[in-house]
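In what follows, a single structure is set out as structure tokens and then discussed.
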Amino acid sequence: MTNPKRPGGNLGLRHVALYVADLEACCRFYTGLLGMELEWQPDADNIYLHGNGDNLALHRATTALAESGQRLDHIGFILRTAADVDSWYAWLRDAGATLHSEPKTHRDGARSFYCADPAGNVVQMIYHPPISDQQL
């Protein structure tokens with residue numbers, strides 16, 4: 001049953017961020033073999049890809065992180081508008097969810113905040129124009 005107080009605009013789980021030891025090889029795999037497209041590379045340690053309405057962030061792992069076996073950075077739910085980010089933040093805050101950050105607008109025009117599920121997995125609620133603005 002849908003909670004009538006829950007904000008709208010949730011387009012689904014369409015974003016994953018991974019730590020990878022070999023950023024360039026992973027980029028070639030996801031673009032060359034799986035057909036994703038390079039969206040943005042803000043620096044030498046981060047690559048953002050998109051394809052079929054999904055977004056994949058690749059972050060270069062530190063040596064210690066790579067050796068630990070940790071690969072997942074966070075998952076993200078795409079929201080329809082930037083205003084939906086603020087609505088979801090307020091709703092989750094009021095519901096007692098564990099919040100890691102307040103909403104902010106990023107360099108690429110996206111707007112998001114981070115929270116955690118009860119198991120401690122990091123969840124990003126994000127308006128990301130290349131995906132949010134598509135007809136899904």
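The values are calculated or read from the model by the stated rules, or taken from the named source; none is laboratory data. None of the values given here were measured: they were computed from a predicted structure. Glycine also receives a Cβ, built like all others from the backbone with ideal geometry; neighbour counts cover every protein chain displayed. What goes into the accessible areas is simple: the full protein's heavy atoms, side chains included, and nothing from ligands, DNA or RNA. Shrake-Rupley method; radii C 1.70, N 1.55, O 1.52, S 1.80 Å.
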Derived scalar couplings ³J(HN,Hα) [region 31-36; Karplus, 6.51 cos²θ - 1.76 cosθ + 1.60; whole Hz; x for Gly, Pro]: 8, x, 9, 9, x, 6
Quick one: grab Rg to one decimal and Dmax as a whole number for the chain, Cα atoms only, in Å. 15.5, 46
Let a ≥ b ≥ c be the square roots of the eigenvalues of the Cα gyration tensor of region 38-77; is it rounded (a/c under 1.5), or, if not, prolate (a/b larger than b/c) or oblate? oblate
Reduced to Cα centres, the span from region 65-88 to region 17-41 in Å works out to 17
Once you order the gyration tensor axes a ≥ b ≥ c over the Cα atoms, which shape class does region 83-131 get: rounded for a/c under 1.5, otherwise prolate or oblate by comparing a/b with b/c? prolate
May I ask for the Kirkwood hydrodynamic radius of region 7-87, worked out over all distinct Cα pairs and given in angstroms to one decimal? 13.6
Where only protein heavy atoms count, and the probe is 1.4 Å, what is the accessible area per residue for region 19-136 in Å²? 55
For Cys26 the rounded accessible area (nearest 10 Å², probe 1.4 Å, non-protein molecules ignored) is 40
Fraction of accessible area attributable to carbon and sulfur, region 79-135 (%, probe 1.4 Å): 49
Given the rule -39500 (n - 2.57) for each run of at least 4 DSSP H residues, summed and divided by the residues of the chain, what is its mean residue ellipticity at 222 nm, to the nearest 500 deg cm²/dmol? -5500 deg cm²/dmol
For the chain, with the dipole built from +1 on Lys and Arg beta-carbon atoms and -1 on Asp and Glu ones, taken about the Cα centre, which of Leu58, Leu11, Met36 lies farthest toward the positive end? Leu11
Heavy-atom accessible area of Ile75 with all protein chains present, probe 1.4 Å, nearest 10 Å²? 40
Helix 82-94 sits off the longest principal axis of the Cα atoms of the chain, rounded to the nearest 10 on a 0 to 90 degree scale, by 70
